There are 4 protein chains.
Amino acid sequence: MGIYRLSHVDITVPDLELAAAYYTQVMGLDISGRTSDRIFFKCWDERDHHCLAVRHDTRVGIDRFAFKVDRPDDLDEFETRIEAAGLPVQRVSAGEEVGQGESIRFELPSGHEMELVHEVEKVGGRLPLLNPPPIVPDLVGIAPPRIDHLLVHAEEVPEVSRFFQDVLDFRLTEQLLDGGGHQTIAFLERSAKPHDIAFVQGPNGALHHFSFWLDDWDHIRRAADILAFNGISIDVGPTRHGLTRGNTIYFFDPMGTRNEVFSGGYRPDPDFPTITWTDDRAGRAVFYYEGTLNERFATVHT
Amino acid sequence: MGIYRLSHVDITVPDLELAAAYYTQVMGLDISGRTSDRIFFKCWDERDHHCLAVRHDTRVGIDRFAFKVDRPDDLDEFETRIEAAGLPVQRVSAGEEVGQGESIRFELPSGHEMELVHEVEKVGGRLPLLNPPPIVPDLVGIAPPRIDHLLVHAEEVPEVSRFFQDVLDFRLTEQLLDGGGHQTIAFLERSAKPHDIAFVQGPNGALHHFSFWLDDWDHIRRAADILAFNGISIDVGPTRHGLTRGNTIYFFDPMGTRNEVFSGGYRPDPDFPTITWTDDRAGRAVFYYEGTLNERFATVHT
Amino acid sequence: MGIYRLSHVDITVPDLELAAAYYTQVMGLDISGRTSDRIFFKCWDERDHHCLAVRHDTRVGIDRFAFKVDRPDDLDEFETRIEAAGLPVQRVSAGEEVGQGESIRFELPSGHEMELVHEVEKVGGRLPLLNPPPIVPDLVGIAPPRIDHLLVHAEEVPEVSRFFQDVLDFRLTEQLLDGGGHQTIAFLERSAKPHDIAFVQGPNGALHHFSFWLDDWDHIRRAADILAFNGISIDVGPTRHGLTRGNTIYFFDPMGTRNEVFSGGYRPDPDFPTITWTDDRAGRAVFYYEGTLNERFATVHT
Amino acid sequence: MGIYRLSHVDITVPDLELAAAYYTQVMGLDISGRTSDRIFFKCWDERDHHCLAVRHDTRVGIDRFAFKVDRPDDLDEFETRIEAAGLPVQRVSAGEEVGQGESIRFELPSGHEMELVHEVEKVGGRLPLLNPPPIVPDLVGIAPPRIDHLLVHAEEVPEVSRFFQDVLDFRLTEQLLDGGGHQTIAFLERSAKPHDIAFVQGPNGALHHFSFWLDDWDHIRRAADILAFNGISIDVGPTRHGLTRGNTIYFFDPMGTRNEVFSGGYRPDPDFPTITWTDDRAGRAVFYYEGTLNERFATVHT
């Protein structure tokens, strides 16, 4: 049946302990694993091993991102398709990667390493599967229930957007076209959400942000309270997107990677028609309340 | 790829004009079609012809409910599967039903008539597909963006629950087992929601309620304000479910059909493990704040 | 200038330790003092010594409630006025009562002991007075910022309501009149709130509930989550009052005293005209969403 | 008993019809009166004749602001006090001003004309005083229930702040001191709110903004939706103040006067201790989430 969820984002940070402190105390994730140079985090309502891996490196950046597929033989089918599309595919054996089984990796036309994985170690969520209460009483920090999506850059958005649609069966929910009709933003989904991944024109290989889900506009305020209390640098928000209609705050982890908390938006089904934005409305598309992009938002990435 | 959305619920009412007044002025739906004995309604963010059809009849009841399938040949495949499961299937030709193409209908083990449809007339939503604002400024009443799910009764929940899983490829997100381990509630989904349909032990053929989505807990309050202002009888709520974790109000349309507005809850993926409730927690399962079911909730259906 | 705030409610409980556990862990108050048979509690945003005192006693009940006056000589003036109204007044010397200076006490026509106090020990809130953040990060439980009001019974509401207006300078914001035009509910205020105290027809000397302020409708939901998680018996709510327009949950502490969390409502100024409700709208007056009073709400008091 | 409410703000606009369109359709006020060169507006939950008057003038500016006093002889007493403080006082006879009786006017040390009024024509709110529902169903635009406060500039904040405390009996809730200990912001109240008026160092006679109350954080979002939908220029927000702890959006009416919607904050009583901010925290004091003042916020006034 194909891809159904963003599995994890693997980033690099110059300070592992600072990352551990921030992602547990401020973002409110749980640590689900550690190696000598990596820490793995998960959200309280996720059952898979991790949704975020941070690796020690002198530079701040992104190693790869992984999506999860529904059936074991999906890996074979995607390998065939991706190679047919001209991209070399690398197999990663079970056991090579912490917390997951066999996977395939390949470099996207946008320069990012992408991974598809089927088998992920189940470590369980914070709620029991027998008579669960609807809340976890002792959460710390923002504590999003799950990761939601990521946004990366591409020099040629149409190329990678087509790859996601044609080869990976993603659906294009929204796009922004510049004055010449060239696609500079593409939002793509596989899980009845406005986006699981988005591409924005920019340097190949760069990460703009990854995003965590919050249930409610009031949780967005609470997140802002926690961020400001902890002295975290807020980039933009609380505000609302035109694209997706969702509510949002962008901010930077202490090492410099942009995070987002996101709430709301519609639920696209397979018959959802693509929404198109034109360049003259780019400001409203990205930040509906402000109507303009700040310089930092448009230019800072990792 | 199969079923992906609750398409429409077809109910009967003794007073068409009262139904029209309530579903437009209080619930805030749009009328998308009328015949001599039927009115068709849709939500502002839905693009298909209707999510609710009311037919004039002296009794209050349910004619059928319809789900939408992804591909034209899904109808053939489901026809084969359903007949193989021993249920007769009836073809409805394109043009026979208002607003939709060919469909198949069959009677469930729970006595309900169910329909599968692929082609539905697109009448469009209230927002444009080019540079849409995130809000519609002139909505009236509660104005939910879309229908969410329905809950019906079955004398034998396990039988119809198995049919939905085995034949229709639904996933069982939550169940309640009585003291003898017999399944008396089954929540089933096909669209990354806690439920698209649910079965609760009770008389075959009966409708408990259908439900509209709201984005936020504050919209739940606003719905309660509007309902009470209009003198609509609130059954239970605002409150929260243990099952689904969602926020809810149950209430009755003026003809007597129970409606719900629903918000929140988790997003199950294909790897979501079934949550099980035991009978001693049935009160918390259904109404987490109250911890008990009121008599009316447990016994009134249409 | 007279009375400006509900200072504290003094109740009796059969189990001091259970009271301590509930009012700190679930309600989220701080303990500000203890004697051999009493515990004193305060809210995080209050600076006075306590807003709630619980005294050990075999019965659950109310000892008294206290309001705070603006100026030292207000005590003298009120003593004169109250005695002129025919009620004996008792002086309580500074040092006799934990956490407060001299006060006067008197028995209301409704049989309750009321106290007026000017000097209260300042123990400070949880936020500093220099560069305070807007949030306290480590609050536990519901954690209301302050006490808001109390509601007590009176056999003759008009009599005690007149006393509060004529002698204590309260303003009547809302009243309910029965079919014969007899006042059976009176809401009275001294601090730009819908009520600081309310009287409802019922047995003299009885307490219906006291109430804590919450800032927002979402905090009402969060309170419901916490109450239900802790197995606290919710009486009614989340819902909305017609009287005051406020949002509310009523619930019982584990010893049996009814508590409320309250949010919203208007801000009456001295020129606020009294709102009148008639008996046929009593249900909407008290619970606007339900439109009816449950038996327990109308009959259980302590 | 003195001053108890901001009564009205009188501004000038170059386009009366544009002002009428904006303040009714976007802000959602009601027009309560018109003359050849003035329009008077009120909020739906206010009963007095107006809270905002706009006068046609080529420049955008402020004519005066008025506060309401509790008793007829308060005007005499304040006249005496104000003249004793060295400020000339002008009597305005009943009938001279639309919608109000006799008043006194005087020029503040900050160069603003201030008015005190006792008698204001009661035109009533949108809700009845008999059995009122808690909501008005047909409101348009943001529709705040009432005006809340205003913020004006003063070259010498301490001077006017002292005048408000010593002569007009306001209480100082919060202040910001610069590095030399000089007061550059003063928040002052008379009605159990964080501020009824505030002074910020700047050019004498200038208006920074006036502000309308909203009940809830969700209403702040809804206001942002409405503002952006109508193309209104948002200055800052939705965000949160350190000063007052309130939630806010600043924006400009189409003629250029800054408006605010405001929600939350504490309720100061007469024993509320003044909160002090130091210059190094000025950013957090004003915009807690951003931590900095934007140039426009700090420099644009009318």
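The values are calculated or read from the model by the stated rules, or taken from the named source; none is laboratory data. What you are looking at is a predicted structure, and each value in this text was computed from that prediction instead of being measured. All Cβ positions, even for glycine, are placed from backbone atoms using ideal geometry, and neighbour counts span all protein chains on display. Surface accessibility is based on the protein's heavy atoms, side chains included, excluding ligands, DNA and RNA. Shrake-Rupley method; radii C 1.70, N 1.55, O 1.52, S 1.80 Å.
What the table below lists for this structure:
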| quantity | calculated |
| --- | --- |
| Single condition C:Q25 does not satisfy, out of (1) within 14 Å of another protein chain (Cβ to nearest Cβ); (2) open to solvent by less than 10 Å² (accessible area, probe 1.4 Å) | (2) |
| Only listed residue being within 19 Å of B:G141 (Cβ to Cβ), surrounded by fewer than 16 Cβ atoms within 10 Å (Cβ to Cβ) and in contact (Cβ under 8 Å) with a residue 40 or more places away in the chain, chosen from B:D57, B:D15, B:D45, B:D30 | B:D15 |
| Selected residue (only one of C:H8, C:H50 is surrounded by 14 or more Cβ atoms within 10 Å (Cβ to Cβ), modelled with pLDDT of 95 or more and not in a loop (DSSP other than H, G, I, E, B)) | C:H8 |
| C:I39 surrounded by 21 or more Cβ atoms within 10 Å (Cβ to Cβ), assigned by TED's automatic domain parsing to the domain that holds C:E113, part of a strand (DSSP E or B) and in contact with a helix residue (DSSP H, G or I) (Cβ under 6 Å, 6 or more places away or on another chain) | yes |
| Among residues of region C:176-195, those that are within 11 Å of another protein chain (Cβ to nearest Cβ) and among the polar types (S, T, N, Q), counted | 1 |
| Extreme residue, farthest from D:R105 (Cα to Cα), among residues of region D:55-76 that are outside any strand (DSSP E or B) and away from chain C (no Cβ under 14 Å) | D:T58 |
| Pair list, Cβ under 9 Å, 6 or more apart: region A:285-302 residue of a type in the set (K, R), other residue open to solvent by less than 50 Å² (accessible area, probe 1.4 Å) | A:R296/A:D235; A:R296/A:V236 |
| Test for D:P134: is it over 21 Å from the mean Cα position of the chain (by Cα) and either open to solvent by 30 Å² or more (accessible area, probe 1.4 Å) or more than 14 Å from chain C (Cβ to nearest Cβ) (or both) | no |
| Residue ranges of strands (runs of 3 or more DSSP E) in region D:84-134 with at least 1 members under 24 Å from D:L29 (Cα atoms) and not β-branched (V, I, T) | D:113-117 |
| Every residue from region B:196-220 that is facing another protein chain (nearest Cβ under 10 Å) and in contact with a Gly (Cβ under 8 Å, 6 or more places away or on another chain) | B:D215, B:D216, B:W217, B:I220 |
| Positions within region C:260-302 being open to solvent by 40 Å² or more (accessible area, probe 1.4 Å) and under 17 Å from the mean Cα position of the chain (by Cα), in sequence order | C:V300, C:H301 |
| Verdict on C:D216 being open to solvent by less than 10 Å² (accessible area, probe 1.4 Å), of a type in the set (D, E) and within 26 Å of A:I135 (Cβ to Cβ) | yes |
| Inter-residue pairs, beta-carbon under 9 Å, first more than 28 Å from A:G2 (Cα to Cα) and within 8 Å of chain A (Cβ to nearest Cβ) and in region B:263-280, second crowded, with 20+ Cβ neighbours inside 10 Å and small (G, A, S), 6+ apart | B:W277/B:G242; B:W277/B:A285; B:T278/B:A285 |
| B:A223 buried (at least 22 other Cβ atoms within 10 Å of the Cβ) and facing another protein chain (nearest Cβ under 7 Å) | no |
| Test: residue in region A:287-301 that is more than 14 Å from chain C (Cβ to nearest Cβ) and under 15 Å from A:H149 (Cα atoms) | no |
| Total residues in region C:226-259, condition open to solvent by 10 Å² or more (accessible area, probe 1.4 Å), within 21 Å of C:L29 (Cα to Cα) and in contact with a Pro (Cβ under 7 Å, 6 or more places away or on another chain) | 2 |
| Residue tally, condition assigned to a loop (DSSP other than H, G, I, E, B) and touching a Ser or Thr at 6+ places or on another chain (Cβ under 8 Å), over region C:135-169 | 4 |
| Which listed residue is surrounded by 19 or more Cβ atoms within 10 Å (Cβ to Cβ), of a type in the set (G, A, S), in contact (Cβ under 8 Å) with a residue 40 or more places away in the chain and assigned by TED's automatic domain parsing to the domain that holds A:D37, from A:G111, A:G99, A:G125 | A:G99 |
| Unmet criterion (only one of (1) over 16 Å from the mean Cα position of the chain (by Cα); (2) farther than 27 Å from C:I234 by Cβ; (3) surrounded by 21 or more Cβ atoms within 10 Å (Cβ to Cβ)) for C:I142 | (2) |
| Any hit, region A:170-178, residues being in a helix (DSSP H, G or I), touching a strand residue (DSSP E or B) at 6+ places or on another chain (Cβ under 6 Å) and over 22 Å from A:I249 (Cβ atoms) | no |
| Single residue of region D:226-251 satisfying the filter (assigned to a strand (DSSP E or B) and over 21 Å from D:P194 (Cα atoms)) that is nearest to the other protein chains (Cβ to nearest Cβ) | D:I234 |
| Long-range neighbours under 7 Å by Cβ, at least six apart or interchain, first residue surrounded by 21 or more Cβ atoms within 10 Å (Cβ to Cβ) within region A:153-181, second in a loop (DSSP other than H, G, I, E, B) and basic (K, R) | A:F170/A:R190 |
| Failed item in (1) surrounded by 21 or more Cβ atoms within 10 Å (Cβ to Cβ); (2) in contact with an Asp or Glu (Cβ under 9 Å, 6 or more places away or on another chain); (3) aliphatic (A, V, I, L, M); (4) over 23 Å from B:V117 (Cβ atoms), with B:A198 passing the rest | (4) |
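Quick grid of which residues meet (1) within 18 Å of B:P238 (Cβ to Cβ); (2) modelled with pLDDT of 95 or more; (3) assigned to a helix (DSSP H, G or I):
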| site | (1), (2), (3) |
| --- | --- |
| B:M255 | no, yes, no |
| B:N259 | yes, yes, no |
| B:F272 | no, yes, no |
| B:T276 | no, yes, no |
| B:R284 | yes, yes, yes |
| B:G291 | yes, no, no |
| B:F297 | yes, no, yes |
| B:H301 | no, no, no |
